[in-house]
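The values are calculated or read from the model by the stated rules, or taken from the named source; none is laboratory data. Since the model is a prediction, treat every value here as computed from it, not as a measurement. Glycine gets a Cβ as well: all are built from the backbone with ideal geometry, and neighbour counts include every protein chain shown. Ligands, DNA and RNA are stripped out before the accessible areas are found, and what is left, the full protein with its side chains, is counted by its heavy atoms. Shrake-Rupley method; radii C 1.70, N 1.55, O 1.52, S 1.80 Å.
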Amino acid sequence: MPEPDRIETRVMAVGALALQGAVHVLCRGDESAARHAEHMQKVLAHLGRRVGRLSAGDTDDVRRAAYRADVVVGTVDDFIADLGRESELGITRRTAMVEGGPDGTPSALLRTYRKVVPA
């Protein structure tokens, strides 16, 4: 399946999951995270859902704002950087959607989520 089609499929799944609480989309790299965030923002805004984007080098205020969104997109490393800072940043870890599936994603991160789904 071409990449735009895969992203579209993920957008629909994320939209449905976001009705149950915040969804974190863990992407394999910065380029993929940027594409996912841009596409999800365009589609999910029509459904009244907010999309936040994490990036390396974000200030704590920017990260806090991103985590208040219904859908948070970033790389695996972006989410790992915030392990143990849940109270400080207001992070609620309900559902993680992992691009390419959870294999290879650090188990310390995956264990913090109630539900992990492959993307």
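How far apart, in nanometres, would the label points at Arg28 and Arg85 be if each is projected 7 angstrom from Cα along the Cα-to-Cβ direction? A separation of 2.6 nm, rounded to one decimal place.
Please give the contour-minus-distance gain from Ala108 to Thr59: 0.36 nm per residue of separation, less the Cα-Cα distance, rounded to one decimal in nm.
Here the answer is 15.3 nm.
For Val73, the amide hydrogen comes within under 5 Å of the amide hydrogens of Val25, Gly52, Arg53, Leu54, counting only partners 5 or more places away or on other chains and with H modelled in the peptide plane.
Per residue, the accessible area of region 53-119 comes to 48 Å², computed with a 1.4 Å probe over protein heavy atoms only. Note that region 63-80 has calculated 3J(HN,Hα) couplings of 5, 4, 5, 4, 5, 7, 6, 6, 10, 10, 10, x, 7, 4, 4, 4, 6, 4 Hz, one per residue in order, obtained from phi through the Karplus relation 6.51 cos²θ - 1.76 cosθ + 1.60 (θ = phi - 60°); glycine and proline are x. With R₀ fixed at 25 Å, the C-beta to C-beta distance from Ala45 to Arg94 puts the FRET efficiency at about 0.75. For region 16-119, the relative contact order is 32 percent, taking Cα pairs closer than 8 Å that sit 6 or more residues apart in sequence and dividing their mean separation by the residue count.
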